[in-house]
Amino acid sequence: MEKDKSILITGGTGSFGHTFVPMTLAKHNPRRLVIFSRDEMKQWEMAKIYGKDERVRFFIGDVRDKDRLARALNGIDYVVHAAATKIVPTAEYNPFECVKTNVIGAMNLIDACIDQGVKRVVALSTDKASSPANLYGATKLTSDKLFIAGNSYSRSTNTRFAVVRYGNVMGSRGSVIPFFLTLASKGLLPITDDRMTRFMITLEQGVDLVWHAFDDMLGGEIYVKKIPSMKVIDIACAIAPDAHHEIVGIRPGEKLHEQMIGKEDAPHTYEYAEHYKILPAIHNWSQDPNRINEGKLVPTDFTYCSDNNTEWMSIETLREWIELHLEFIGKS
């Protein structure tokens, strides 16, 4: 990502935005960094952090409102799309609202970015978009497809779209770590299934992946970070080693293991030192040597799932991470 450019992040008051904004201000010194979101109170609280930093701007708006997006995107060079309805049960019980934000909102942003001549757009995806088992995952898969196809419509403006996909963010609000921490003193932790596994990634690693995507993308790529896995029962043991466990069963729409690359994507997936890259099947882009760029094609039966991972996080490593970040866990 070039320095002294104008950047906008949708859903910028969420967990990712609270990490992306300070890291990007420090490393890339943007001319302007716009936080676009619909929650005025979250914007008010976030604005207190940056005080008189004239680079940081706040823009009330909703990705469902295409006209508002067009106004916000005027003069913007780079966009990070983090806005989403993402709580699985919420999406199941409010499907129309989820579709309006995750699908219609994606379409609005794509159109507005092309119309305003934005240079590069990176959309945040989720493991749940790979072989989706719930509505949230289905809408994010649709969103991924829309951003990939957006490259077919933007030739005259040279706007380019790519996607980054990662799994469970360690310590973010709504994740299992702060949930277990609130229950640790009671001596009883609910475990959905003692076989369940999850990918583990920090928000800082997520930001690094977005930066890499901006630097590497030609358009249409899905970037997947190589990250470790953990059993949920081991996460519980790291937080409260003496607590008893109660098996409560998997919630509707929840997977036993997270998947970020399915077998269907293997013919178009390439491996690199620290990540994988899924290239689009359309327009033969998956055969483009410039997009492949020294990547190694994965085996035809390849999948990247939290249970077949080659890298695992130990209980001791997670416990050390929690001790270092305790005051920030669950805050964003």
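Readers should treat all values here as calculations from the given coordinates under stated rules, not as data from a laboratory. All values derive from a computational prediction rather than experimental measurement. Methodologically, a virtual Cβ is constructed for each residue, glycine included, from the backbone with ideal geometry; neighbour enumeration extends over all protein chains shown.
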Listed candidates (1) 60, 51, 38; (2) 59, 44, 39; (3) 48, 46, 37 - label of the one calculated as Cα extents along the principal axes in Å: (1)
Cross-link partners of K52 among lysines (Cα-Cα below 26 Å; sequence separation of 8 or more within a chain): K3, K5, K27, K42, K331
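What list do you get for M313, M23, M170, M41 if you sort them by fewest beta carbons within 10 Å? Intermediate values should be presented prior to the final figure.
Details: M313 21, M23 15, M170 24, M41 8.
Least crowded to most crowded, the residues run M41, M23, M313, M170.
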About the Cα centre of the chain, how large is the charge dipole given +1 on each Lys and Arg Cβ and -1 on each Asp and Glu Cβ? Please answer in debye to the nearest 20. 1000
Would you be so kind as to identify which of T310, L256, I278 lies farthest towards the positive end of the dipole of the chain, taking Lys and Arg as +1 and Asp and Glu as -1 on Cβ and the Cα centre as origin? I278
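Just to be sure I follow the definition: excluding the sites themselves, where is the longest run in the chain that has none of the GluC sites (Glu not before Pro) in a DSSP loop with at most 13 other Cβ atoms within 10 Å?
Of all site-free stretches, the longest is 55-273.
Rounded to the nearest 0.05, what FRET efficiency is calculated for K186 and R319 with R0 set to 25 Å and r the Cβ-Cβ distance?
Numbers: r = 19 Å, r/R0 = 0.76.
Efficiency, rounded to the nearest 0.05: 0.85.
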Computed FRET efficiency, Cβ-Cβ of D4 and D194, R0 51 Å: what is it to the nearest 0.05? 0.50
Expected vector for the stretch 231-244, Karplus 3J(HN,Hα) from phi with 6.51, -1.76, 1.60 and θ = phi - 60°, integer Hz, x for Gly and Pro, equals 6, 4, 5, 6, 4, 4, 5, 5, 8, 9, x, 9, 6, 7
The answer for Y166, listing residues at least 5 apart or on another chain whose modeled amide H is closer than 5 Å to its amide H, is S125, T126, D127
For a quick check: sort W285, W44 by the number of other beta carbons within 10 angstrom, fewest at the front. W44, W285
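Return L188, L124, L8 ranked ascending by Cβ neighbour count within 10 Å, so the fewest neighbours appear first. Please report the intermediate quantities before stating the final value.
On the way: L188 11, L124 25, L8 29.
Fewest-to-most Cβ neighbours within 10 Å comes out as L188, L124, L8.
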At 7 Å along Cα-to-Cβ for each site, give me the label-to-label distance between W44 and E294 in nm. 5.1
What does the charge add up to near E2, with Lys and Arg as +1, Asp and Glu as -1, over the other residues with Cβ less than 13 Å from its Cβ? +3
Through the Karplus equation 6.51 cos²θ - 1.76 cosθ + 1.60, θ set to phi - 60°, convert the phi angles of the stretch 263-269 into ³J(HN,Hα) values in whole Hz; use x for Gly and Pro. 4, 5, 8, 4, x, 10, 10
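Just in the stretch 1-93: which trypsin sites (Lys or Arg not before Pro) are loop by DSSP and have at most 14 other Cβ atoms within 10 Å?
Values: sites: K3, K5, K27, R31, R32, R38, K42, K48, K52, R55, R57, R64, K66, R68, R71, K86; in loops: K3, K5, R31, R38, K52, R55, R64, K86.
Answer by residue number: K3, R31, K52.
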Inter-site label distance for I247 and A133 at 7 Å from Cα along Cβ, in nm: 1.6
Once phi is turned into θ = phi - 60°, what whole-Hz ³J(HN,Hα) does the Karplus curve with 6.51, -1.76 and 1.60 give for every residue of the stretch 123-130, x standing for Gly and Pro? 9, 7, 10, 8, 4, 5, 7, 8
Provide the net charge surrounding H257, with neighbours chosen by a C-beta distance below 15 Å and charges set as Lys +1, Arg +1, Asp -1, Glu -1. -1
